[in-house]
């Protein structure tokens, strides 16, 4: 991703949290007296950490490599274990190093009732790592968000009923093949998926896209991306503030070019939940220091909880009236 550092003030509307997802994530309210056993499954940070370890163990995972294929196989295995049906979206595209094979993986979780008429929300992470001259394992950049999204898929699958449908989308080729981010050399997978949504007509049902990226930093603080829809960002930030997680949101205001732009470009409101300050002066980003050592299980749990806390406000806004 690329950051444009101009800081702009915006007025944001405050959104609250509701149930059942809020209960699932630990949101206080009228149902807060329910025991954990009655609240359903909760986000398991230890399970998410195991997903992160598994990716790092594979090693560097750039698009078009055997390691990327091993990662896809892992994603499919875990989605299937959660009771979902993974779908591959494979394509070949020209890049600065020649034609490469890319492949997105996604699984749909339908709404209760007539899912064909329900709003669809995309939950997105890129799983590829950047091509480097050294072994870049991308523990935070690519690995952390993918680990969180896999655990979110398990949690949300076991939570019902739901008024919106979810698509857990793992995109390939977010990273530029060149050393530096320069269009069109980036966002290969999310651009292709967005194009497919338009061609199939499904884009009319997609009411929001929530992108996770770089959420494993030990000092997690999600930035205010200026391209993101303010109401979407505030759904998560307001819920975090209400639930003792304020220090993990409302980070620096940035314009962050990332996979969410692919959906914004086709008219879908999107938000990038990202901490783009990784190490002193962001020195761990795209470096050999992006390892498990500089990530934490706790941060994965916080990121997952913030998502679960924020989704009820989004569901309430999008639910068919």
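Any read-out appearing in this document is the output of simple, stated calculations on the displayed coordinates, not a laboratory observation. Note that this is a predicted model, so its numbers are computed, not measured. Positions of Cβ are generated from backbone atoms using ideal geometry, with glycine treated the same way; all protein chains shown enter the neighbour counts.
Can you sort 97, 271 so the residue with the fewest Cβ neighbours within 10 Å comes first?
97, 271
What does the C-alpha gyration tensor say about the overall shape of the stretch 2-318? Classify as rounded when a/c is under 1.5, otherwise prolate if a/b is larger than b/c, or oblate. Mind dumping the intermediate values first?
On the way: a/c = 1.39, a/b = 1.28, b/c = 1.09.
Taking the square roots of the gyration eigenvalues as a ≥ b ≥ c, the stretch 2-318 is rounded.
Using the alpha-carbon centroid of each, what span in Å lies between the stretch 188-215 and the stretch 237-269?
16
Can you pull the Rg over Rh of the stretch 166-251, Cα-only, Kirkwood? Working shown, then result.
Numbers: Rg = 15.5 Å, Rh = 15.2 Å.
When Rh is taken as the Kirkwood radius, the ratio is 1.02.
Helix 188-200 versus the longest principal axis of the chain: what angle, 0 to 90°, nearest 10, using Cα atoms?
60
Helix 230-242 against the longest principal axis of the chain: what's the angle in degrees, Cα atoms only, rounded to the nearest 10?
Here the helix axis deviates by roughly 60 degrees.
With springs only between Cα atoms under 10 Å apart, run a GNM on the chain and tell me which of 153, 46, 257 wobbles the most.
46
Would you mind classifying the stretch 98-192 by shape? Square roots of the alpha carbon gyration tensor eigenvalues, ordered a ≥ b ≥ c; an a/c under 1.5 is rounded, otherwise it is prolate if a/b is larger than b/c and oblate if not.
On the way: a/c = 3.60, a/b = 2.01, b/c = 1.79.
Since a/c reaches 1.5 and a/b is larger than b/c, the shape of the stretch 98-192 is classed as prolate.
Can you pull the one-decimal nm distance between simple spin-label points at residue 200 and residue 44, each 7 Å off the Cα toward Cβ?
2.9
May I ask you to derive the FRET efficiency for residue 282 and residue 80 from their Cβ-Cβ distance with R0 = 45 Å, giving the value to the nearest 0.05? List each step's numbers first, then the result.
Values: r = 36 Å, r/R0 = 0.81.
Once the sixth-power term is evaluated, E becomes 0.80.
I'd like the distance separating the alpha-carbon centroids of the stretch 151-173 and the stretch 275-316, in whole Å.
19
Quick one: work out the % antiparallel among DSSP beta bridges in the chain, nearest 5. Before the final figure, lay out the partial values.
Details: 19 of 38 bridges.
Bridges in the chain are about 50 percent antiparallel.
Once you order the gyration tensor axes a ≥ b ≥ c over the Cα atoms, which shape class does the stretch 47-131 get: rounded for a/c under 1.5, otherwise prolate or oblate by comparing a/b with b/c? Don't skip to the end; give the middle numbers.
Details: a/c = 2.61, a/b = 1.46, b/c = 1.79.
In terms of gyration-tensor shape, oblate.
Between 69, 151, 226, find the one with the highest GNM mean-square fluctuation for the chain; connect C-alpha pairs within less than 10 Å.
69
What does the highest-first list of 125-133, 74-82 look like by mean Cβ count within 10 Å?
On the way: 125-133: 22.7, 74-82: 18.0.
Those peptides, ordered most packed to least, come out 125-133, 74-82.
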